[in-house]
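In what follows, a structure is listed as structure tokens, so that the remarks can point back to it.
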Amino acid sequence: MKHILSYLILFLICAVTSTALAQTFDCTGRDGQKYSIKFPVPDGNYRVTVVLGSKKHPGSTTLRGESRRLFIENVTTKKGQFKTLTFVINKRNVHISDKEDVRIKAREKNKLNWDDELSFEITGDYSTVRSINVEPDTTATTVFLCGNSTVVDQDEEPWASWGQMITRWMDDGVAIANYAESGETASTFISVGRLKKALTQMKAGDYIFMEFGHNDQKQKFPGAGAYYNFSQALKTFLDEARSRGAHPVFVTPTQRRSFKDGKIQETHADYPEAMIAIAKREGVPCIDLHEMTRTFYEAMGEEPSKRAFVHYPANTFPGQDKALADNTHFNPYGAYEIAKCIIEGLRTAAPDLFRHVRPEYTSFDPAHPDDPDTFHWTPSENVDIVKPDGN
């Protein structure tokens, strides 16, 4: 379900100068407005240079790309002040080859991540974007994200995942390519062509992160299980990545919000332990997000931790006549905090990537999470109260 919020999203009609695939958007005269920009480009990484500021107004600007990937967060400018920011964004479509496409789900067909255009959403308390320059980039390291609904770029409010928030903290030497989708397992991710598509874009020195387990544990066919089908699928990821000179990293699944006597209860059977065992056997770095999210939720407490999840009373969003009470999927605040857990994991699992963390990032301890009252998020235009696949 889509719903247009009270503000009007304006689709920008503005002057564009183009050289080959390089394009500059002149966005003067749009102070304070919320709008979107789209333009067709081939698959690949693109270096984006954004100039913020206004001669007439102070500003506070947020910019998200493709399916709500956060790149510029509440950046303030004084009247007459201008700031230039750069980042690299990954763009893809469904085509693997002339004869084969990724078999995406029906609900993905309108996702901005899978179309033939590069999309930007300009928002914030008072946006002041002067110009946006986009040009191809072949130098950035690409980090491919593979996983389920706890990783995917969620298009609609109030849902969010860490894969679309980690972009906030990476500098212009890294592009995040999030191939995750709600409901996927390690084996189905392979069978529908998601891994194959990622491999067509992968180069030596890139990274591939894998977070699975939530949905894998529900598989009941012969051979299913953490130490058989699941382990075999993970080995396929490893072999394919290593054959291309890329660096695999395992990420254990996020905990569900399942409390008893103030403590998180285990709900993932032996899947996290299987990932850790395979990582040790294969010499693969592993970020233990399973333990970090346990610490995070317990630090918040049983009732306050609802503020990291999609827990909202009825009528919080248009068309929502029943309360939302989801203990698996995050809202923007929860996703933002978990992305910081991943950043902390880079310190030991991928130190070369950690060198690309933006200087304004400060260390994060999941035992002392940020106060949700200090988190400021300007919502996107689209709302969907239908729960994502998986649990």
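The values are calculated or read from the model by the stated rules, or taken from the named source; none is laboratory data. Computed from a predicted structure; not experimentally measured. Positions of Cβ are generated from backbone atoms using ideal geometry, with glycine treated the same way; all protein chains shown enter the neighbour counts. Calculation scope for accessible area: heavy atoms of the full protein, side chains included, ligands and nucleic acids excluded. Shrake-Rupley method; radii C 1.70, N 1.55, O 1.52, S 1.80 Å.
Would you mind getting me the FRET efficiency between N74 and E135? Use the beta-carbon distance for r and R0 = 35 Å, nearest 0.05.
The formula returns an efficiency of 0.85 here.
Calculate what fraction, in whole %, of the accessible area of the chain sits on carbon and sulfur atoms when a 1.4 Å probe is rolled over the protein chains. Working shown, then result.
On the way: 8190 of 15680 Å².
Ligands and nucleic acids excluded, carbon and sulfur reach 52 percent.
If DNA, RNA and ligands are ignored and the probe is 1.4 Å, what is the ranking of W169, W377 by accessible area, most exposed first?
W377, W169
Compute the FRET efficiency between T348 and K203 as 1/(1 + (r/R0)^6), taking r as their Cβ-Cβ distance and R0 = 35 Å, and round to the nearest 0.05.
Computed FRET efficiency for T348 and K203 comes out at 0.90.
Run the helix sum for the chain: -39,500 (n - 2.57) per DSSP H stretch of 4+ residues, divided by residue count, reported at 222 nm to the nearest 500 deg cm²/dmol. Mind dumping the intermediate values first?
Numbers: 7 runs with 75 residues, N = 391.
Estimated from H runs of four or more residues: -6000 deg cm²/dmol.
For the stretch 261-372, what's the relative contact order in percent, using C-alpha pairs closer than 8 Å and at least 6 residues apart?
About 28 percent, as a whole number.
In vacuum, with every alpha carbon of the chain counted as one equal point scatterer, what does the Debye formula give for log10 I(q)/I(0) at q = 0.06, 0.14, 0.15 Å⁻¹? Two decimals, please.
-0.22, -1.29, -1.49
Mind giving me the FRET efficiency for D171 and Y126? R0 is 30 Å, r the Cβ-Cβ distance, nearest 0.05 is fine. All intermediate terms of the calculation are to be shown ahead of the outcome.
On the way: r = 26 Å, r/R0 = 0.86.
Here the calculated transfer efficiency is 0.70.
Evaluate Rg over Rh across the stretch 18-68, taking Cα atoms for both radii and Kirkwood's formula for Rh.
Across the stretch 18-68, the Cα-based Rg/Rh ratio is 0.97.
Any chance you could check the Cα centroid distance between the stretch 103-126 and the stretch 233-277 for me, in angstrom?
That distance is 27 Å.
In Å, what is the Rg of the alpha-carbon atoms in the stretch 48-134, and how long is Dmax?
Cα only, the stretch 48-134: 16.2, 53 Å (Rg, Dmax).
Quick one: order S305, S97 from most to least accessible surface, probe 1.4 Å. Can you show the working numbers first?
Details: S305 0, S97 55 Å².
Result, largest first: S97, S305.
Taking the Cα atoms of the stretch 134-218, report the difference between the largest and smallest coordinate on each principal axis, in whole Å and largest first.
For the stretch 134-218, the Cα extents along the three principal axes come out at 41, 30, 17 Å.
What fraction, in whole percent, of alpha-carbon pairs in the stretch 162-272 exceed 26 Å separation?
25
Which of the peptides 360-368, 308-316, 170-178 is most tightly packed, and how do the rest follow, judged by the mean count of other Cβ atoms within 10 Å per residue?
For the peptides 360-368, 308-316, 170-178, the packing ranking is 170-178, 308-316, 360-368.
Mind checking which lysines have their C-alpha under 26 Å from K78, skipping anything on the same chain fewer than 8 residues away?
Partners found: K34, K55, K56.
May I ask you to rank F212, F354 by accessible area, largest first, using a 1.4 Å probe over the protein chains only?
Of F212, F354, the descending order of accessible area is F354, F212.
Calculate, for the stretch 270-391, the solvent-accessible area per residue in square angstrom, rolling a 1.4 angstrom probe over the heavy atoms of the protein chains.
Numbers: 5440 Å² over 122 residues.
For the stretch 270-391, the per-residue accessible area is 45 Å².
For D239 and E117, compute 0.36 nm times the residue count separating them, minus their Cα-Cα distance, and round to one decimal in nm.
My answer for the length gained is 40.8 nm.
Using alpha-carbon pairs under 8 Å, 6+ residues apart, how would you state the relative contact order of the chain in percent?
Over the chain, the number comes to 18 percent.
Pull out the extension gain between A314 and H368, defined as 0.36 nm times the separation in residues minus the alpha carbon to alpha carbon distance; nm, one decimal.
Gain in length upon complete extension: 16.4 nm.
Longer than 32 Å from Cα to Cα, which of K220/K280; K79/K203; K91/K235; K218/K306 are they? Say none if no pair is.
Correct reply: K79/K203.
How much net charge surrounds T139 when only the other residues with a Cβ under 14 Å from the Cβ of T139 are counted, with Lys and Arg +1 and Asp and Glu -1?
Value of the local net charge: -3.
Below 15 angstrom from the Cβ of E100, what's the summed charge of the other residues (Lys, Arg +1; Asp, Glu -1)?
Net charge around E100: +3.
Mind checking the alpha-carbon convex hull of the stretch 217-360 and giving the volume per residue in Å³?
With only Cα atoms used, the stretch 217-360 gives 170 Å³ per residue.
Checking understanding here: applying a Kyte-Doolittle mean of at least -1.0 and a length along the axis of at least 20 Å (C-alpha), which whole DSSP H helices in the chain pass?
Membrane-span-like by this criterion, though nothing is claimed about a membrane: 229-243, 332-349.
Sequence gap at least 6, Cα distance under 8 Å: using those rules, report the relative contact order of the stretch 288-338 to the nearest whole percent.
Contact order relative to length: 33 percent.
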